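Okay, so here's the structure we're looking at.
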Amino acid sequence: GLAYAINEDGNTASVIGIGAATNTNIIFASTYNGLPVTAIRGYAFEDCESLTSVVIPDSVTTIGEAAFRDCYNLTSVVIGDSVTTIGDWAFSECYSLTSITVNEYNQYYKSIDGNLYTKDGKTLVQYAIGKTATQFIIPDSVTTIGDDAFRYCDSLTSIVIPDSVTSIGRYAFEDCYSLTSIVIPDSVTSIGEYALQYCDSLTSVYYKGTAEEWTEIAINSNNSPLTDATRYYYSEAEPTTSGKYWHYVDGVPTAWS
């Protein structure tokens, strides 16, 4: 009962929506009218509250933008060996998602502990935000935290970012409203817009570099927890002497007496 369409090339097909399907566990067909199904189109299943699990066949190469966004009952996703492209927000706001599994022969993506990474492990693409863990230590292989990677994860209270990370993407931790502390290494050079917006419980930021080095990071707009009265602790360890507590005032780290 799923809805399909033939692509412009006339030789392949795409999944375009839920159609008349009533199943909650979907295993996509690899062919439609004798043609290989190579894509799940953008927004195809957005807001589809009935889905609980999906298995994407090896014929599919592209998962479109926001393809499964806000499928809030979706708990597991299995990705075949041929997917080369996953669009922005593909699994965003999937509040129940606890497992993303990638076929071991896929050359572009892989899963580690149910989370989605690029094959080389350098980009954390999507954390399964339905997990109930309160702390997450990002693997040492990661250099980039992708756009939207942790967005709307309401269980995490603490995140440790390894010294290998240089870039934190847009919306990376937006609306992680239980997040109270984060450790940022001095390797980070940029923090994308909205990366920590609406992290209203964030009270402590541990930065492994100096206060002067912190000012050199490109912190893009709409990151109010990083520019309001959040306490900063430099060189990671929480200081006990006066003059070593810091917070931001008008974009400048200022010592408390």
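Phi angles across region 127-137 convert, under the Karplus curve 6.51 cos²θ - 1.76 cosθ + 1.60 with θ = phi - 60°, into 3J(HN,Hα) values of 7, 6, 6, x, 4, 9, 4, 9, 10, 9, 9 Hz, Gly and Pro given as x. The gain in end-to-end length when the N11 to S155 segment is fully stretched comes to 47.4 nm, 0.36 nm per residue minus the alpha carbon separation. Computed from point charges on the beta carbon alone (+1 for Lys and Arg, -1 for Asp and Glu), the dipole magnitude for the chain about its Cα centre is near 380 Debye.
Listed values for region 33-38 are Karplus-derived 3J(HN,Hα) couplings in whole Hz (6.51 cos²θ - 1.76 cosθ + 1.60, θ = phi - 60°), namely 6, x, 9, x, 8, 10, and x replaces Gly and Pro.
Heavy-atom accessible surface of Y234, to the nearest 10 Å², is about 30 Å², with a 1.4 Å probe and all protein chains retained. You can think of it this way: the chain between N220 and S190 has 10.0 nm of extra reach, that is 0.36 nm per residue less the Cα-Cα gap. Largest to smallest in accessible area, the residues F136, F150 fall in the order F136, F150 (1.4 Å probe, all protein chains included). For Y206, the solvent-accessible surface computed with a 1.4 Å probe is close to 40 Å², ligands and nucleic acids excluded. Listed by chain and number, the aspartates and glutamates placed with their C-alpha closer than 15 angstrom to that of K122 are D140, D147, D163; residues fewer than eight positions away on the same chain are left out. Per-residue 3J(HN,Hα) values for region 106-115, derived from phi via the Karplus relation 6.51 cos²θ - 1.76 cosθ + 1.60 with θ = phi - 60°, read 5, 8, 10, 9, 8, 10, 10, 6, x, 10 Hz in sequence order (x marks Gly and Pro).
Beta bridges assigned by DSSP with both partners in the chain are antiparallel in approximately 30 percent of cases. How many angstrom lie between the C-alpha centres of region 200-227 and region 131-174? Taking the Cα centre of region 131-174 as reference, the centre of region 200-227 is 15 Å away. If you take the square roots of the eigenvalues of the alpha-carbon gyration tensor of region 1-140 and sort them as a ≥ b ≥ c, do you get rounded (a/c under 1.5), prolate (a/b over b/c) or oblate? Oblate, since a/c reaches 1.5 and b/c is not below a/b. Distances between placed amide hydrogens fall under 5 Å for I18 paired with A3, all partners being 5 or more residues away or on another chain. Under a Gaussian network description of the chain, with springs only between Cα atoms under 10 Å, the residue in I27, I159, I129 that fluctuates furthest is I27.
Indicate the gyration tensor shape class of the chain (rounded, prolate or oblate), computed on the Cα atoms with a ≥ b ≥ c the square roots of the eigenvalues: a/c under 1.5 is rounded; otherwise a/b larger than b/c is prolate and the rest oblate. Verdict is prolate for the chain.
The values are calculated or read from the model by the stated rules, or taken from the named source; none is laboratory data. What you are looking at is a predicted structure, and each value in this text was computed from that prediction instead of being measured. FYI the Cβ positions are ideal-geometry reconstructions off the backbone, even for glycines, and counts take in every protein chain you see. To get the accessible areas, we keep the full protein, side chains included, count just its heavy atoms, and leave off ligands, DNA and RNA. Shrake-Rupley method; radii C 1.70, N 1.55, O 1.52, S 1.80 Å.
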